[in-house]
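Every read-out reported here was derived from the displayed coordinates using simple, explicitly stated rules and does not represent laboratory data. All values derive from a computational prediction rather than experimental measurement. Here the Cβ is made from the backbone with ideal geometry for all residues, glycine too, and neighbour counts use every protein chain on show.
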Amino acid sequence: MIRTANLRKIYTTDEVETTALNNVNIEIKQGEFVSIMGPSGCGKSTLLNILGLLDNPSDGELFFLDNEVAKYSERQRALLRKENIGFVFQSFNLIDELTVTENVELPLLYLGVNTADRKKKVTEALERMEIMHRANHFPQQLSGGQQQRVAVSRAIVGNPKLILADEPTGNLDSARGDEVMSILTGLNEAGTTIVMVTHSPTYAEYGNRIIHLFDGHVVTENYKEKFHV
Amino acid sequence: MLKNYLKTEWRNLKKNKVYSFINIGGLAIGMTVAMIIGLWVWDELSFDKFHKNYDHIAQVWQFVKFDVEKSSYNSLPIPLAAELRNKYPEFKEVSVTTYNRNVVLTSGDKKLSRTGMYTESDFPKMMTPKMIFGTYSGLAGIHSIMISESLAKALFASESPIDKIIRLDNKADVKVTGVYKDFPGNSSFKDVFFLASWQLFTSMDGYAKFASDQWDENSFQIFAQLKEGIDVKKTSAKIKDIRMKMNYPPPYKPEFFLHPMNRWHLYGDFKNGVNIGGLIKLVRLFGFAGIFILLLACINFMNLSTARSEKRAREVGIRKTLGSARSQLIRQFFSESLLVSCIALLLCLIIAELLLPFFNNIADKNMVILWTNPFFWLIAIAFCLLAGLIAGSYPALYLSSFQPVKVLKGSFKAGRFAALPRKVLLVFQFSISVALIIGTIVVFRQIYYAKDRSIGYDYNGLIEMSMNTPDLHKHYDAIRTDLLNTGVVAEVSESRGSIVFDYGGTTGISWKGKSPDMYPLLMSNEITFDYGKTIGWKILEGRDFSKKFATDSAAMILNQSAMQLMGFKNPLNEIVRYGGKDYRIIGIVDNMIKGSPFEAVKPSFFTINYSAANVINIKLSSQTATGIALNKIEDVFKKYNPASPFEYKFVDEQYAAKFDHEERIGRLAGFFAILAILISCLGLFGLTSFVAEQRTKEIGIRKVLGANVLNVWQLLSKEFLLLVFISLLVASPVAWYFMNGWLENYEYRIELSLWIFGVAAFSVLLITLLTVSFHTIKAATANPVKSLRYE
């Protein structure tokens, strides 16, 4: 589904050049659940952003669904993104001015789904995440765990092939964290590819494979038996 | 999708109340100003369009050359009308008329004095008043009159006015042959309440009868209607030399020309034979002011939206992550600004409706919001869209360009130059405000300067009455005696014209040493013996007229500027020849301002002439209260002049009216300056609140490191003061340039002194400091632990 070849990302500020990713070669297959681990500043989020087509690499190749997308324009990336990828963030990133329903509805609006279908899909997603009873609340009125469930609803509502999760449990206590992990596992079992960045070795174990990053390099890739495609 | 955009923005507006208030309120004020100015411009541009023959009517004028420059007059010789009518096929109608004059109208025991014109019979057909009774041929008979609806109501109440008899100035009876709806407020004839026959006028007025065949008596107006398709300029060229081609062309070389109706109101000024515009300059100036003020409000919107960008950056990031294209975000921000501008438009309509009476008062207008005019709505909505697009343009393009990766990671920091456009816009805003403040100060200084000028006589307790019935002339001596006997009157005299205006001039005057090819215009004043004492003029040399000297019927008094013009070192006893008669100069009086207080006093001379009297001047005794004095004076006039209502004018009030135009400009400029400052300050207020918020952490750290409240206040205020200071540097030369140009319209004017700029600078800096301080002090006194812990 995703393949990188000699991927590099360099950030340039006024005087300093920082290499965030160097020579990264990984492949993520359809149906996998991949965890990415590593110390702070090792490039985990940078890699996730590039895999999620939020950012372009400085160098190297990036194949997404067999297309070379490394040089895609923002417009082309946006198109691929909205059709194929759902995002879950550590800080939830819900829009404060919109209700739960409206937040979840947003990707469908950008996909141009008609009103009736939108309503149906939003309801399905919210029910699946067991947050339907909060449909008309605003994000600030919800607990962290509830907000993350809304965020996951939003990520899955467009039925994406890939879900990218950036420390989805980072802002949650352990009970809520476990809950989110079981949701992600459930989605993966239903066929969705998941790439998750995390600090927690325990949660990383939920994946079929763990990629360790250090200073922008891939150090190890641990395959697990659970992998079943 | 649109619903989603509007919902987000609506909730945003509700959440950030101060921000919304500044944005919507500011924009609404800006729109209100633009709308009111728009209505005013509309009113000015539609002036005289009421007249159906608007595009074909012209007034005949002449350029004359008394000395070096050509001056322009619309007073013309009577025979010119017949000449144009009979020999020039270009004209459809021509009518000679009097100026609009005050006449006493009596019917039964009702007495009124109203202004109106004596015109030839074609005049109504040309000017097309809306007839209620009768037709345009109402003036066919010599003893007929057409009256306005308001005059008909005043004279006859609910009775039918048709065929009723009205007595004019207690001299002639006329029959009402027509009633027309009053000319509207934006017609040149708005104060014409009746139209009476020109033949009747020449039969009553000795001078008019005499002037009927005189080509060099220039005292009446001529209006003409050109035939369809006839060019005004070409016709002007044809009639230009009519007089000069005749025998004995006058030394002042008259050149006739047509001034078309569509230029009367806005292009009324001529300089040396060229039309130099007029009110149109003011219309343009205020038109620009309106657009600029609207722009100021739009700038607030732009500035606040971008300042708020760090807060909204996250939303942009999320939307982009979820697949929004940049164009969709641009659309979102435009729909937001359009929502704001629509709300502002609603608010603007309410404010405008409330503010209009006040503005009408300032501008001396009768404007209303044109609720039922589709054109008005078209423009209002167009303006609303335009304001929304202008206001939304910068945020739409700026905010939509954010990179989602950066803003979501929380690493988003506006670059070093992100605030630059905001600063430029702020400087622009304050430059306009500063320029308007300077302009207002200059206008008022100029008015006070002219008001402070010595007027050369004493207008306190001085009243004037026009002698419009024969009774007043017949009984003048008895009236004077009775008035003096009341004890409330200090002095009474007669004159041909009012002290407040130059009445008539002559070039037919010569003296020893006058250059033979110069024909300067001197203002002539026919007065009676007690005139000087009545008005309290100041004799500088020689003596006043006196009944003790039988020779004073051939004596002349000059004002200072006439003395200077004539160039006499010892003017007394010099001989001046005027009207075929020799006069001896017996005195010189101080210049008295009779014309514009902004101009040099014209050379004038005074002679004794009882038969030319038209005005009675009365000086009240300073011992008696004015109300009581007027009652006693009224008794005297009722006794001798029962046919007329008792009407008088205070000279000081009439003099004050000379400043109306300038004071109106000053008040309008002040009105706009205040609004511009208000809008700019609203923006500044909003902006400081964001800056203070943005720098909360910095302030916290500084305080922990030992900064006190004053240090922090300085830190935050400095930046804004610097920007306002730059605005001062930008605005001052611009204001200097324009105000200097404005002052050049006035002969008697102030110099643009530095202190004016100093005052403007000081007040703007002070206002800035006050505005900024609210937030800076709040930020400076906040507990640093809070802001740091939050991070």
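Note on the stretch B:142-216: along the principal axes its Cα atoms extend 44, 30, 17 Å, ordered by decreasing extent. Working from label points 7 Å from Cα in the Cα-to-Cβ sense, the B:Val759 to B:Tyr610 distance is 5.3 nm.
In terms of Cα atoms, the Rg and Dmax of the stretch B:462-657 work out to 17.5, 55 Å. As a length-normalised measure over Cα pairs under 8 Å and 6 or more apart, the relative contact order of chain A settles at 29 percent. Between helix B:309-321 and chain B there is an angle of about 60 degrees, using the helix long axis and the longest principal axis of the Cα atoms.
When only Cα pairs below 8 angstrom with a gap of at least 6 residues are kept, chain B shows a relative contact order of 15 percent.
Put in order of Cβ neighbour count within 10 Å, fewest first, the listed residues B:Glu693, B:Glu69 become B:Glu69, B:Glu693. Taking 0.36 nm per residue of separation and subtracting the Cα-Cα distance, full extension of the segment from B:Ala382 to B:Lys514 would add 41.1 nm. Our estimate of slack between B:Lys17 and B:Ser150, defined as 0.36 nm per intervening residue step minus the Cα-Cα distance, is 42.7 nm.
Look at the stretch B:400-407: the mean tally of other chain Cβ atoms within 10 Å of its residues' Cβ atoms is 3.
Think of chain B as a dipole: +1 on every Lys or Arg Cβ, -1 on every Asp or Glu Cβ, centred on the Cα centre; then among B:Ser236, B:Ser212, B:Leu743, B:Leu743 lies furthest on the positive end. GNM on chain A, alpha-carbon springs under 10 angstrom: the most fluctuating residue among A:Glu74, A:Glu124, A:Glu15 is A:Glu15. Normalising the average separation of contacting C-alpha pairs (under 8 angstrom, six or more residues apart) by the number of residues puts the relative contact order of the stretch B:462-657 at 37 percent.
In a simple Cβ point-charge model (Lys, Arg +1; Asp, Glu -1; nothing else charged), the stretch B:309-442 has a dipole of about 1020 debye relative to its Cα centre.
Between A:Ser174 and A:Glu124, residue separation times 0.36 nm minus the direct Cα-Cα distance comes to 15.3 nm.
With the simple spin-label model, which puts each label point 7 Å out from Cα in the Cβ direction, the B:Asn485 to B:Lys311 separation comes to 8.5 nm. Considering every alpha-carbon pair of the protein assembly as shown, the percent of pairs per 20 Å bin, from zero through the bin containing the longest distance, is 10, 29, 24, 16, 13, 6, 0. Label point of B:Asn373 set 7 angstrom out along Cα-Cβ; within the stretch B:39-77, amide nitrogens under 13 Å from it belong to B:39-50. If R0 is taken as 51 Å, the Cβ-Cβ distance between B:Ser553 and B:Lys234 corresponds to a FRET efficiency of 0.50. Across peptide A:93-100, the average count of Cβ atoms from other chains found within 10 Å of a residue's Cβ is 6. Here the residues A:Glu97, B:Glu747, B:Glu541, ranked from fewest to most Cβ neighbours within 10 Å of their Cβ, fall in the order B:Glu747, B:Glu541, A:Glu97.
With the simple model of a label 7 Å out from the Cα in the direction of the Cβ, B:Asp582 to A:Ile10 spans 11.0 nm.
Sites listed here are trypsin sites (Lys or Arg not before Pro) in the stretch B:597-665 whose DSSP assignment is loop and whose Cβ has at most 12 other Cβ atoms within 10 Å, and the list is empty. Assuming a ≥ b ≥ c are the square roots of the Cα gyration tensor eigenvalues, decide whether the stretch B:57-264 counts as rounded (a/c under 1.5), prolate (otherwise, with a/b larger than b/c) or oblate. Here the stretch B:57-264 falls in the prolate category.
Which residues does a label at B:Lys52 reach in the stretch B:182-204, if reach means a backbone N under 13 Å from a point 7 Å past the Cα toward the Cβ? Backbone N within reach: none found. Averaging the Cα positions of each part gives two centres, and for the stretch B:199-218 and the stretch B:649-673 these lie 36 Å apart. Using the Cβ-Cβ distance between A:Asn67 and B:Lys778 with R0 set to 51 Å, the FRET efficiency from 1/(1 + (r/R0)^6) comes to roughly 0.40. Computed from the Cβ-Cβ distance with R0 of 45 Å, the FRET efficiency linking B:Ala140 to B:Cys342 stands at 0.20. Of the residues B:Asn16, B:Leu462, B:Ser433, the one whose Cα sits farthest towards the positive end of the charge dipole of the protein assembly as shown is B:Asn16 (charges of +1 on Lys and Arg Cβ, -1 on Asp and Glu Cβ, taken about the Cα centre). On a C-alpha basis, how far is the centre of the stretch A:30-86 from the centre of the stretch B:511-542 in Å? Whole number, if you could? Centre-to-centre distance over Cα atoms comes out at 98 Å.
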